[in-house]
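Values quoted throughout were computed directly from the atomic coordinates according to the rules given, and no laboratory measurement underlies them. Treat the numbers as computed from the prediction; the structure is a model and nothing was measured. Using ideal geometry, Cβ is built from the backbone for each residue, glycine included, and neighbour counts are taken over all protein chains shown.
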Amino acid sequence: MFRAAAEEVLGEIEVSGFTKAWLPTVRSLLQSSPDLSAVSGNFSARTIRLLRVAQAFQQALHKEKLIDLSELYWRAIEYSPEPQKVLIYGYFQPRKDELSWINAISAPDSVLFLPAPDAPLFQDVQRSVEWLVEQGWELVEAGGKGGEIGAQLSQTFIRARSRGSETVATEIALTQNSGFAVTAHYYSTFKAEMRSTLAQVKVLLNAGTPARDIAIIARDEVAYGPQLIDLAWEYGVLLRALYDTPLLSTRLGAWLSLLIEVIDTGWQFEATAKLLSHPLCSNPDKNFWATVRFEHPVGFQKWQKIAQDLLQIDLSLLKKIHQLERRDSWVEWWQDVFRTFGLRKRCARWSRESIAFNNLQRGLVELSKPEAEKLEWTEVCREFRDLLQVLTVPAQPGRGGVELHKPTSVVGARYAHLFVLGMAEGVLPAMISNDPVLDFFERQQLQQQGLALPTAAEMARREALSFYALLQTATGNLTFSYAELKDRQGQLPSPYLKQLGLKPGEPPESAIASPEELRRVSLRHSGDYKDTVLPHARHAFGIEQHRESSDVPNEYDGIIGIPLDYTDWVFSASQLRNLGQCPFKWFADKLLKLGPPVEVDEDLSPSQIGQLYHKVLELVLAAKQQQPELDITDAQILEEKFAIAERQIIPADLPSWSLRRSEHLRCLKLALADPDFLPEGAEPLQLEANFSGEWHGLKVRGQVDRIDRTENGLVLIDYKTGKSRPSGIKDRNGKAWIDVQLPLYQEAAGPDLFPNEPVANAHYYSIRGRNKIALSSRAPQHELPDVLDRCKAHLDQGHYPVQPDNGRSACTYCDFDALCRQGDRLSRKGNSNGTD
Ligand code: SF4
């Protein structure tokens, strides 16, 4: 409704997050005056627009017999409530609307407590008092409970501020309250601060202190909340955090937002797999993951089948989005979606999600109005997303437990143990900054017209007053703390600490507060306690320490010491290259079989492009074998063979293939026209020829792309799509440049395929570079027999160290870097390049 009202004034709004940015300011306007239509003045264009939007929103609400919560008191006053005798405590900084409401409902002899000592900090409260006196209230001085620690501390705070913030308060008469302590600590990090605080809380709870006597305070609850909730769970401390978070931050909100993304982006693989495997949707088994990884489905139809077959979820409802529908029909559609996925039941597993679901239901009622209005899918989504941002839920709802609050939420309460986190400059007090939608100058202009919008000075006083009220809640121990480092930024202590005469000191020694912490400590110390995880953790920790040390590699680094009988093992050129470049790479792939599962790429992979090029060249040259007079540069032949290969290799629904096709066709056309590709006098004898045999005592097998007969003898050719010479096996200095493939072709493939013909040469041919690539003249190819002996020694000894070549070219496309933990540690292990 807000967006519709704003669009009525501003025209179509394309910006995402508009509601989130504008609605809070519009609400503060509604709160500031009973009647915005009476406001007039020489305002900026932006202020005028904002006022018009606020009025349009208000009128739209009223037309539907609704109000926004921000105007609650003003509208309630219009109903002329029956005054009653009331006692009001805890509203120490009433706003204009609250004050008007209190005045309207209070009968004679009502009492309202307001702290209004004679100090600059209370000038806004004093103005409120004056206004109440004008309305007929009587001012009665109340005696404070000066003995309580919080009351004393708050007086110290006022005195220090009255003297100026630079004055250090020196007289804290706190020690009169024996047994209680006011302390301030600094911690190295944000996390250390939270851990220590929760550990202190746990100690109190274990000593029998009721949870209701303890409170944790953070000015920025949202910054502390999520981590505190997680740590409290680890510590077994029941923590309640009642601050509001957007529905979008809940599991439900995130899942619904993902659902919209999936529909809008055409059911892409990653997003859809995430959506369907989410705990709010299904409990997918291994079968689901194996299937989707293998099939890599994209598009609604493929996913619909998978969801039906493997998850028993019928997605057909999600197809019906390309239509103009009435608002109420769209809301009914969302309800059907909720039913399809059983969201109500799934959300019931978590109290926060359950609240989120119920709040969303209420929000949808609003979205359905006006019922007869017709909307497109994009419009519905935009409004639905706004709803997810505007609706809120408590961060950690429930009953009982220690509560996390911000200072303004505890005014009037009493706590025997108060922990105030984040006592850092710019955090408490918070930095006063301009509202990007309505700056302080514009606010001042509006204030002159009677709108109760706080100025920067008032906001600063409000902040100090909340702290003053917070201090008053303490009846026992009060612990302040801050982290010297937060988000890698240094922090200074809050000036309020100085005004209280407190100097932050070293944190108290922290108790071990969770099994995880005990385990962490026990890892390094002997002594046992009952924990099934600890022996495994110690074992794993020892392995990691050994791995990182300069000690010789052990079985966790590939030195298994189990010989491999490779008599029947068949090696390919790439296996030999891997073994010779980094033995661990071969070990992880071939012996441990830890290679990644086969997945279909959404895009064309380099290997598919390679297959396409190979296939086209094979088909063209096969035609030449049939018809020797055929001109291989003939564009028509190429087009014909390309079309055949394309059908075999390229997925039918590959996006933008039609655009990329011509680039590949052109690349092949240029290669076929290159004189080096099929030199004068060369006769293509065999294409994609399989060979096998024995080579340097190893069984070998492979496939040669092409064998030409020339007047000097056979020439064996391997096509490469890249332009550079492929890396080879390491020499004795660790440089990976001894080629294994071409010697293998020359010495094993040639004699196997054509035993009676001499082999003249073997070379690579770069299709993209259009040039022959021969063996490097500088590489120590003569070391090849020794290198192959080295490979055999690895197999004989079960010795597969993590020893890539010096340039780490072996690591470039390696799937095992997470397993081998290569990195700086390898320099500590020493590297013999297999010569030991
Ligand atoms: S990432 Fe490098 S060091 Fe690790 S296994 Fe692969 S090639 Fe060897």
The simple spin-label model distance between Ala430 and Val222, using points 7 Å out along Cα→Cβ, in nm, is 0.8 nm
Toy charge model, Lys and Arg Cβ at +1, Asp and Glu Cβ at -1: segment 2-134 dipole around Cα centroid in debye, rounded to 20, equals 320 debye
With x for Gly and Pro, the residue-by-residue ³J(HN,Hα) of segment 237-250, computed from phi through the Karplus equation 6.51 cos²θ - 1.76 cosθ + 1.60 at θ = phi - 60° and given in whole Hz, is 9, 6, 10, 10, 10, 9, 5, 7, 10, x, 4, 4, 7, 7
Here the relative contact order (percent) of segment 379-468, from C-alpha pairs under 8 Å and at least 6 apart, is 27 percent
Per the rule of 0.36 nm per residue minus the C-alpha distance, extending Lys63 to Glu12 adds in nm 16.2 nm
Two pseudo-spin positions, 7 Å from Cα along C-beta at Glu516 and at Asp817, lie apart in nanometres by 2.8 nm
Set Lys302/Lys615; Lys735/Lys829; Lys320/Lys345; Lys369/Lys406, cut-off 26 Å on Cα-Cα distance; pairs above it are Lys302/Lys615; Lys369/Lys406
Amide H neighbours of His296 at under 5 Å, excluding residues fewer than 5 places away on the same chain, with H built from the backbone geometry, are Val600
Out of Val262, Thr378, Trp350 - ranked by how far each Cα lies towards the positive end of the dipole of segment 247-396, with unit charges on the beta-carbon of charged residues - the top one is Trp350
Taking placed amide H atoms and a strict 5 Å upper bound, the residues 5 or more places from Gln686 or on another chain that come that close are Ile707
For Trp737, the residues 5 or more places away or on another chain with a placed amide H closer than 5 Å to its own amide H are Gly728, Ile729, Asp731
Among segment 789-827, those whose backbone N falls under 20 Å of a label point 7 Å along Cα→Cβ from Trp289 are 815-820
If R0 = 35 Å, then Glu506 and Asp309, at their Cβ-Cβ distance, give a FRET efficiency to the nearest 0.05 of 0.05
Relative contact order of segment 668-776 (C-alpha contacts under 8 Å, at least 6 apart) in percent is 29 percent
HN-Hα couplings for segment 499-506 via Karplus (6.51, -1.76, 1.60; θ = phi - 60°), in whole Hz with x for Gly/Pro, come out as 5, 8, x, 9, 10, x, x, 4
Once the in-chain neighbours fewer than 8 apart are removed, the aspartates and glutamates whose Cα is under 17 Å from Lys669 read Glu618, Asp631, Asp634, Glu639, Glu640, Glu646
1/(1 + (r/R0)^6) with r = Cβ-Cβ of Ser776 and Lys274, R0 = 51 Å, i.e. FRET efficiency to nearest 0.05, evaluates to 0.65
In nanometres, the difference between 0.36 nm per residue of separation and the alpha-carbon distance of Leu670 and Glu544 is 40.1 nm
The answer for the net charge of residues other than Glu221 whose Cβ lies under 14 angstrom from its Cβ, with Lys and Arg +1 and Asp and Glu -1, is 0
Quick calc: nm separation of the 7 Å Cα→Cβ label points for Trp131 and Arg399 -> 3.8 nm
With x for Gly and Pro, the residue-by-residue ³J(HN,Hα) of segment 310-318, computed from phi through the Karplus equation 6.51 cos²θ - 1.76 cosθ + 1.60 at θ = phi - 60° and given in whole Hz, is 9, 10, 6, 10, 8, 8, 4, 4, 6
Note to self: C-alpha centroids of segment 194-231 and segment 311-374 sit apart, in Å, by 37 Å
Restricting to Cα pairs under 8 Å and 6 or more apart, the percent relative contact order of the chain works out to 14 percent
In segment 39-77, the chymotrypsin sites (Phe, Trp or Tyr not before Pro) that sit in a DSSP loop and have at most 16 other Cβ atoms within 10 Å of their own Cβ are Phe43
Answer in debye to the nearest 20: the dipole magnitude of the chain about its Cα centre, from +1 Lys/Arg and -1 Asp/Glu charges placed on Cβ, is 1460 debye
Computed, not fitted: 222 nm per-residue ellipticity of the chain from DSSP H runs ≥ 4 (each -39500 (n - 2.57)), nearest 500, equal to -13000 deg cm²/dmol
A chain fully extended from Arg414 to Ser110 at 0.36 nm per residue, minus the present Cα-Cα distance, gains in nm 107.1 nm
Among trypsin sites (Lys or Arg not before Pro) in segment 380-440, those in a DSSP loop whose Cβ has at most 11 other Cβ atoms within 10 Å are Arg399
Taking R0 as 22 Å and r as the Cβ-Cβ distance between Glu688 and Asp634, the FRET efficiency 1/(1 + (r/R0)^6), rounded to the nearest 0.05, comes to 0.50
Rounded to the nearest 10 degrees, the helix 18-32 long axis (Cα) sits at an angle to the longest Cα principal axis of the chain of 0 degrees
To the nearest 10 degrees, the tilt of helix 377-390 (Cα long axis) against the first principal axis of the alpha carbons of the chain is 50 degrees
Cβ density ranking, 10 Å radius, fewest first, applied to Met194, Met423 yields Met194, Met423
In whole angstrom, the spacing between the Cα centers of segment 36-91 and segment 665-726 equals 83 Å
